[in-house]
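Novice: Structure incoming, see below.
Here, each number is a calculation from the coordinates, and none is a lab measurement. Since we're looking at a predicted model, the values are computed, not measured. For neighbour counting, all protein chains shown are included, and Cβ atoms are generated from backbone atoms with ideal geometry for every residue, glycine included.
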């Protein structure tokens with residue numbers, strides 16, 4: 001049976017790229033590009049053999065009723081009322097949402113606990129829909145003990161893509177979640193600025209945010225000190241005189257299984273920018289949810305990208321589409 005996927009925000013920078021890649025993976029997939037202005041997605045729909053749908057995320061009931069059942073709803077836009085999550089729960093569809101930070105996930109969690117999902121409801125409000133945490137999993141797996149994890153991203157203002165505009169970056173909530181000495185702390189991010197060093201001569205001020213990477217890293221590693229930071233500055237692509245790229249850095253301190261104390265740095269760089277990186281995060285989750293990887297469909301329930309997708313499979317897909325992942329290790 002042909003599976004049907006609705007991408008809310010499907011002709012934006014992230015949704016459009018994910019739709020193109022999904023079409024390459026599944027020529028028979030029924031893809032619907034949905035949003036307030038479907039005419040803006042007409043050219044993309046023709047290009048990839050998709051359909052468009054007028055969808056107001058504040059009240060999607062009528063539009064979804066006319067469309068009929070779907071297998072997966074991908075929300076690449078803000079859904080403040082969780083309307084698309086409730087729609088997925090009601091009809092037994094899967095859902096991937098890439099925009100919610102930690103303090104916004106509670107209502108969806110409660111909804112899923114009261115009405116257990118028949119297909120995965122994936123909370124993918126990590127940075128780049130989980131790309132960084134998936135890329136870091138192999139490096140983390142080599143540690144017997146992790147003492148600290150510091151994840152950070154640098155956004156280049158020249159990387160002008162859809163939702164990740166400079167204005168959006170400046171509008172991030174200053175409320176950040178840190179794990180310090182084994183305790184959780186909600187802090188004002190502006191009071192916890194640090195310096196990020198991506199390479200020789202590259203420094204930028206970054207401050208913490210409340211992405212889903214933070215609690216997930218705590219669950220994976222048990223590390224007492226964890227933070228996720230965001231800053232703005234020239235990317236590696238811009239510094240090389242080319243197109244603005246997007247970089248994420250994961251710094252891990254701890255003891256390897258060999259007993260050696262080390263510091264490890266995992267650099268993830270997308271030459272095509274943050275929108276492309278985020279689309280790849282959504283792609284690998286959708287691929288797994290729909291069983292396009294050749295494996296059986298996953299069970300229903302709440303999920304995260306890193307609890308659902310094999311890191312090896314994800315990294316292979318990322319690198320296929322141009323992401324560069326490099327790892328450096330030094331003695332502590």
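Novice: Would you look at the GNM of the chain, springs on alpha carbons closer than 10 Å, and say which of 36, 137, 265 moves the most?
Specialist: Comparing 36, 137, 265 in a Gaussian network model of the chain, the most mobile one is 36.
Novice: Under 18 Å from a point placed 7 Å out from the Cα of residue 295 along the Cα-to-Cβ direction: which residues of the range 79-98 have their backbone N that close?
Specialist: Zone members listed by number: 94-96.
Novice: Compute the distance in nm between two label points, each set 7 Å from the Cα along the Cα-to-Cβ direction, one at residue 157 and one at residue 61.
Specialist: 4.5
Novice: Tell me, 186, 127 in order of fewest to most beta-carbon neighbours within 10 Å?
Specialist: 186, 127
Novice: Another question, then. Which order do 277, 151, 232 fall in if you start with the one that has the fewest other Cβ atoms within 10 Å?
Specialist: Ranked by crowding around the Cβ, least crowded first: 232, 151, 277.
Novice: Here is a follow-up. Give me the percent relative contact order of the range 4-106, please, defined on Cα pairs under 8 angstrom at least 6 residues apart.
Specialist: Over the range 4-106, the number comes to 27 percent.
Novice: Using per-residue counts of other Cβ atoms within 10 Å, averaged over each peptide, order 323-329, 71-77, 89-95, 130-136 from highest down.
Specialist: Ranking the peptides 323-329, 71-77, 89-95, 130-136 by packing returns 130-136, 71-77, 89-95, 323-329.
Novice: Once label points are set 7 Å from the Cα along Cα→Cβ at both residue 111 and residue 319, what is their separation, rounded to one decimal in nm?
Specialist: 3.8
Novice: Go ahead and estimate [θ] at 222 nm for the chain from helices alone: -39,500 (n - 2.57) per DSSP H run with n ≥ 4, summed, over the residue count, rounded to 500. Walk me through the intermediate numbers first.
Specialist: Working: 12 runs with 104 residues, N = 332.
Only helices count here, giving -8500 deg cm²/dmol.
Novice: A follow-up question, please. Whole Å is fine, so just give me how far the alpha carbon centre of the range 1-19 lies from that of the range 268-289.
Specialist: 13
Novice: Compute the relative contact order of the range 1-57 as a whole-number percentage, counting only Cα pairs closer than 8 Å that sit 6 or more residues apart in sequence. Write out the running numbers ahead of the final one.
Specialist: Working: 89 pairs, mean separation 20.5, N = 57.
This gives 36 percent for the range 1-57.
Novice: Sketch the reach of a paramagnetic label on residue 80 as a point 7 Å from Cα along Cα-to-Cβ, and name the residues of the range 1-17 whose backbone nitrogen lies under 20 Å away.
Specialist: Within reach of a label on residue 80, which here means backbone N under 20 Å from a point 7 Å along Cα→Cβ, the range 1-17 contributes 8-10.
Novice: Right, next: Using the number of other C-beta atoms within 10 angstrom as an exposure proxy, rank 238, 58, 52, 278 with the fewest first.
Specialist: Listing 238, 58, 52, 278 from fewest to most nearby Cβ atoms yields 58, 238, 52, 278.
Novice: Under a point spin-label approximation (7 Å from Cα along Cα-to-Cβ), what is the residue 327-residue 186 distance to one decimal in nm?
Specialist: 3.6
Novice: How far is helix 13-25 tilted, in degrees, relative to the longest principal axis of the Cα atoms in the chain, given as a value from 0 to 90 rounded to the nearest 10?
Specialist: Helix 13-25 sits roughly 70 degrees off the main axis of the chain.
Novice: Angle check, please: helix 311-320 long axis (alpha carbons) against the longest principal axis of the chain (alpha carbons), in degrees 0 to 90, nearest 10.
Specialist: Compared with the principal axis, the helix lies near 80 degrees.
Novice: Here is a follow-up. With a ≥ b ≥ c taken as the square roots of the eigenvalues of the C-alpha gyration tensor of the range 208-314, please select rounded if a/c is under 1.5 and otherwise prolate if a/b is larger than b/c or oblate if it is not?
Specialist: Taking the square roots of the gyration eigenvalues as a ≥ b ≥ c, the range 208-314 is oblate.
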